[in-house]
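Reviewing the structure listed below.
The values are calculated or read from the model by the stated rules, or taken from the named source; none is laboratory data. Because the structure is predicted, anything quoted here is derived from the model rather than measured. Here the Cβ is made from the backbone with ideal geometry for all residues, glycine too, and neighbour counts use every protein chain on show.
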Amino acid sequence: MNTILLQSIDWFFQLLNILILIRVLLSWFPISPNNPLVALLYNLTEPILGPIRYLLEKSIFGGRGMILDFSPIIAMFVLQAIRSILIIIVTGLII
């Protein structure tokens, strides 16, 4: 039971990281946002990237004049931290 739960947590966060990476790579190409796959990708990743982008705009590091969007990098770090915390909690509960 515990390995299934731990593997599910790990798989979920890996999937989120892969989706964010695909979104970053697709931003380099002129693909229409009306494409159903692109729209699905944006719908899955924007709830994670949107709040981080908003906080960056409000911080001293951000602003509308930013050339690069650092929200994917920050999101991946935050997701990794959340994954690690969840694994520690689940491991502690199971033992």
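Output the number of residues of segment 1-21 satisfying the condition of being modelled with pLDDT of 95 or more and over 14 Å from residue 86 (Cα atoms). So the count comes out to 7. Per the listing 15, 5, the residue uniquely within 19 Å of residue 74 (Cβ to Cβ) and assigned to a helix (DSSP H, G or I) is 15.
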